[in-house]
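K.L.:
Okay, handing you the structure first.
Taken together, the values in this text are just the output of simple stated rules run on the coordinates, not laboratory data. All of these numbers come straight from a predicted model, not from anything done at the bench. Positions of Cβ are generated from backbone atoms using ideal geometry, with glycine treated the same way; all protein chains shown enter the neighbour counts.
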């Protein structure tokens, strides 16, 4: 299971935090601090996994990737595949990149809600629900289309839910 | 401008390079200024984010956020906030809370927003509530209704939003409220909805399996969903279900296999490809499930062989190609599955190959997976590790902490008696680098476990433990210290007075040295005090005053630590007693005098008691003191027979005189109800009776089971004594409770130590001894360890000694020196490899026959480990044997015996006899002798105890009842001494008797080097002589563990045929 998905910048500021089991606000901050101190102490070409049993309990790992000014961190237990999660992060970032056209940190900060929407399409309740960047894009665009239409004319919203969607 | 920024950012994303960060920051900011209109309509929010981003200090950021909170509070509560504004406020609240500030005032608005008809607002509301609330929050009740409604919505986006919220917000109580709707959604026309419904059901299953039990078949049905993405969602749930109950899902094995087959064969639509690999995430999940289903099930495993082969073949990269991350993820998962199920040799061979590739990879990620995979593979074939020893050592020395830890995990798994020293040494040096308590505790626990299981010698055990105490200090459980003390007092059970005294003095020296250091953890001080008290003055190097002075210093330096003080005063008492017993006049030094005076007035009754007991000794005669506290009186076996058979006669006569037969406490008290059951429970637990006691004291059940009417007249003397007796029995209960708690455990541990250390001695395990000596031979051949062992080859006995721990030590330590002087890595690594894996990395092709031959000479040399005078075995002889056995490399087992015969060594029969000797009998013999001795001593002690007690209580002893009373006090003293043995600190409480706890046949050799570096670890020859047999056993044990894979070449595809052929 995925216990948490975190995005933080290289200064340790959280950008997106999502815990799939409830964690109190204070504990969240503590976790972010510890995770940041662990990640920032690791130099470039070390491996992307950090055992995190002292932060999240036994059998947990941080799987992270460092993109430009951001760390993408997934906290997983032994039921997930480490290398698989690395690719999941790749999918996530690819999707963000498609959505925001050359995504950078500020996109994520300013489009807080959208990033959450994307993440929700990929991971749900701690399980990986979709791994195809294209599929995620489709779903997300549905919602955003709604947003745009909704802003222009709220009456049209009802039509959008019946958007035909099929794979392949 | 913008496109330039994009180029740079893209570059940064591709390479993750850090040098563009600063550029990115500024560019990004300008960029945002230019394009913000497209992104989010609120200038306020942008300003907030910008201000926080530019805050110079934490305090400044804090004040910005606080202002924002105030602002939001005010605005959000205004009536008639437009929807769009409200949505923005909520998002800002989420942002504020993410930064660690309390936004609870706004939760209710988020909840309210979920009720909104506008889908956008609804989504934002759901997002905020899932982030704000936990499933037990009070506000949840306000959402359930909305969720119910939304799940029935005909807009699939609404349904999806509700399903996402359900995963986070529904708890056990509210599951029934939404469950029917969610189950209905499994039939929804949209695959996205079905997929999410499955996920939600899975979440319910995790939360509350009981409310889902009737739906388990649903998950099976979903597996057949026409849309693969829904099927893959079901796999997540099924993985959890299968791991909870493997048996119930065995019948799905074939389905999973066929799904995996179809996926691997690329039958799914291209849309499921990821980097041209067909649905890798589905494959990984399926492999994980198969691993669960195939574990320990031959039939199920066989069904998987072909599909696993296929998956590996399809994902195996070409030569020289590292393969993509995702194919390697699948391959790694294949290794996990293969090692979990009952795989055939071909698959295991493939798993080994992939593992090799991972280990040899440049990527740290693959190395990490490789180390993990290696750990799995060597559980099946231990020899496989040898092939990769250099890679493993590389990982161990890597700067990457994760990799290092993983490698230590691996080493922990493959520790055996032959490499325990090197591995534990590595762990200790890693522990030195740690600062956090969690990891330290974990690694300390592992070190302790390994040392207890594999320690090659007692002195090494003691040294290692001392290091652990020093580094981990109070993170180590106290029991470990007690075990160490017991080991010190017990020793190997061999009597060599000279060696013993040598050991003792070196132990004392080392602890004296250690005490000079400023900061020591309490637990180490306790051990040090105990050792000084027990052996400080025994060899005469140090005067009693010296030791006492040291002990006083220790106590003084730790004024807050009562346990250490207790140990110190007890140690002082012992030393004084030894002095008095030896007939010398004892005058406490002033320093000590004041220390004792302090304790006499201490708030701790325990310390007080100890101090008073010390004082009592000064009034006693030398003879008595000698009996109470004999020098070297520790470590003797004390047999505790709860049946008290020696009282049988007395009981019989009492019964004959008309006494009532003894009733069990429970039977006796079970007649009454309520209070008595409480009493019985409290008594059966031997609770320290500081609470109220409800029954009278007149039945001293422990000693006089009959509790008869005939006894009292003789058994209970006058009132005063009975009072003393009472306090005594009270205290005894405390003590015996300790015995109860610690006794069995302690006994078990000690036996474990002996048994494991000496291993199994069976003829069948001998052949497989081959690898170790062979590697020894290899090492010698390759000239790595010339200095260490060449001069030892002169005599068989020494040769044998040389095969044990010492040479490895020397090699190892020399490797350390080499490291300091120059970075001569390859040679050093090889040495380390040799000591870790027991073989040279360069030559792994040596035949089993050589091993057999060398083994033979070893075995013969090993026959009389103690005998140095045996004429050296001609080198030609062993050479000849080598050749001979090389002819039949595969028959190491049979050839070994023949070889030994051929060598014509007259000591052979002895060896045979020894080999077939039952280790347990040996063990019994070891234990038996001291225990009988102990029981006779204890009777004697019991009597002297009586004398002593009479002095102490200044009350006459009724001698007529000597037999029973002696028995009684015997029991008392037994429990005293027991508890004393377990816990020196508490022992004294029970009375003076237990000051003579803990016999001493202890082999403290090597303690002298305690605080020194590992280079000085090799112990004195006198000791190693004695250790001969145990080393033999440990080697044989090692051999037993290697038995599984005698075939020397790891790359051979027929590698596993021995096992599975």
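K.L.:
Counting other beta carbons within 10 Å of each residue's own, what order do B:530, A:144, B:460 fall into, fewest first?
P.N.:
A:144, B:460, B:530
K.L.:
When a/c is below 1.5 the answer is rounded, else prolate if a/b is larger than b/c, else oblate, so apply that to region A:2-167 with a ≥ b ≥ c taken from the square roots of the Cα gyration tensor eigenvalues.
P.N.:
prolate
K.L.:
Which peptide among A:57-63, B:383-389, B:256-262, B:564-570 comes first, and what is the full order, when sorted by highest mean count of other Cβ atoms within 10 Å?
P.N.:
B:564-570, B:383-389, B:256-262, A:57-63
K.L.:
Continuing with this model, one more query. Report the FRET efficiency, 1/(1 + (r/R0)^6), for residue B:211 and residue B:441, where r is their Cβ-Cβ distance and R0 is 35 Å, rounded to 0.05.
P.N.:
The calculated FRET efficiency here is 0.35.
K.L.:
Is there a simple number for the mean count of other chain Cβ atoms within 10 Å of the Cβ of residues in A:137-145, and what is it? Display every interim value, and only then the final one.
P.N.:
Values: counts 0, 1, 3, 0, 0, 4, 6, 1, 0.
If you average over the peptide's residues, the count of other-chain Cβ atoms is 2.
K.L.:
Using only Cα atoms, tell me the angle between helix A:25-40 and the longest principal axis of chain A; keep it within 0 to 90° and round to the nearest 10.
P.N.:
That helix lies at roughly 70 degrees to the long axis.
K.L.:
Measuring from centroid to centroid over Cα atoms, what is the spacing of region B:133-207 and region A:74-95 in Å?
P.N.:
Region B:133-207 and region A:74-95 have Cα centres separated by 25 Å.
K.L.:
Throw me the Rg/Rh for region B:410-480, computed over C-alpha atoms with Kirkwood Rh, two decimals.
P.N.:
0.93
K.L.:
Once you have the Cα-Cα distance between residue B:101 and residue B:479, take 0.36 nm times their residue separation minus that, and quote the gain in nm to one decimal. Please list the in-between numbers first.
P.N.:
Working: separation 378, 0.36 × 378 = 136.08 nm, distance 4.45 nm.
Roughly 131.6 nm would be gained on extension.
K.L.:
Follow-up. When you count, for each residue, the other Cβ atoms within 10 Å and take the mean per peptide, how do B:364-374, B:241-251 rank with the highest first?
P.N.:
Per-residue Cβ counts within 10 Å, averaged per peptide and sorted highest first, yield B:364-374, B:241-251.
K.L.:
Any chance you could tell me what percent of the C-alpha pair distances in region B:282-343 go past 13 Å?
P.N.:
For region B:282-343, the fraction of Cα-Cα distances above 13 Å is 58 percent.
K.L.:
What angle do you read, to the nearest 10 degrees and between 0 and 90, between the alpha-carbon axis of helix A:82-100 and the longest principal axis of chain A?
P.N.:
Between helix and principal axis, roughly 40 degrees.
K.L.:
Need one number: nm distance between label points at residue B:584 and residue B:244, each 7 Å from Cα along Cα→Cβ, rounded to one decimal.
P.N.:
7.1 nm
K.L.:
Is there a simple number for the mean count of other chain Cβ atoms within 10 Å of the Cβ of residues in B:113-119, and what is it?
P.N.:
Working: counts 0, 0, 0, 0, 3, 4, 9.
Mean partner shielding for this stretch: 2.
K.L.:
Run the quick spin-label model on residue B:221 and residue B:298: label points 7 Å from Cα toward the beta carbon, then report their separation in nm to one decimal.
P.N.:
Spacing of the two 7 Å Cα→Cβ label points: 3.8 nm.
K.L.:
Please rank A:104, B:224, fewest neighbouring Cβ atoms within 10 Å first, as an exposure proxy.
P.N.:
Placing the least packed residue first, the sequence is B:224, A:104.
K.L.:
For each of B:199, B:342, count neighbouring Cβ atoms within 10 Å of the residue's Cβ, then give the residues from fewest to most. The partial results should precede the final answer.
P.N.:
Details: B:199 27, B:342 17.
Lowest count first: B:342, B:199.
K.L.:
Distance between Cα centroids, region B:563-636 to region A:117-136: provide it in whole Å.
P.N.:
Centre-to-centre distance over Cα atoms comes out at 73 Å.
K.L.:
Return the FRET efficiency for the residue pair residue B:616, residue B:139: r is the Cβ-Cβ distance, R0 is 56 Å, and the value is rounded to the nearest 0.05.
P.N.:
Numbers: r = 70 Å, r/R0 = 1.25.
Efficiency at R0 = 56 Å is approximately 0.20.
K.L.:
Along the Cα-to-Cβ line of residue B:276, 7 Å from the Cα, sits a label point; which residues in region B:320-364 have backbone N less than 18 Å from it?
P.N.:
Within reach of a label on residue B:276, which here means backbone N under 18 Å from a point 7 Å along Cα→Cβ, region B:320-364 contributes B:320-331.
K.L.:
Also: For region A:2-167, what proportion of DSSP beta bridges, expressed in % and rounded to the nearest 5, is antiparallel? If you can, show how the numbers build up before the last one.
P.N.:
Numbers: 24 of 24 bridges.
Just about 100 percent of them are antiparallel.
K.L.:
Each label point is 7 Å from the Cα along the Cα-to-Cβ direction; what then is the distance between the points at residue B:433 and residue B:44, in nm?
P.N.:
So the label points at residue B:433 and residue B:44 sit 5.2 nm apart.
K.L.:
Mind checking the mean number of beta-carbon atoms from other chains within 10 Å of the Cβ atoms in A:3-12?
P.N.:
Mean inter-chain Cβ contacts per residue within 10 Å come to 1.
K.L.:
Here is a follow-up. Report, in whole Å, the centroid distance computed from the Cα atoms of region A:1-67 and region B:323-393.
P.N.:
Answer, in whole Å: 27.
K.L.:
Starting from the Cα-Cα distance between residue B:314 and residue B:641, subtract it from 0.36 nm times their residue separation and give me the gain in nm to one decimal.
P.N.:
Details: separation 327, 0.36 × 327 = 117.72 nm, distance 6.82 nm.
Roughly 110.9 nm would be gained on extension.
K.L.:
Moving on to the next point. Tell me the mean residue ellipticity at 222 nm calculated for chain A from its helices only (DSSP H runs of n ≥ 4, each -39500 (n - 2.57), averaged over every residue, nearest 500). List each step's numbers first, then the result.
P.N.:
On the way: 7 runs with 80 residues, N = 168.
The per-residue figure over chain A is -14500 deg cm²/dmol.
K.L.:
Going by alpha carbons, how many degrees (0 to 90, nearest 10) lie between the helix axis of A:133-152 and the longest principal axis of chain A?
P.N.:
50 degrees
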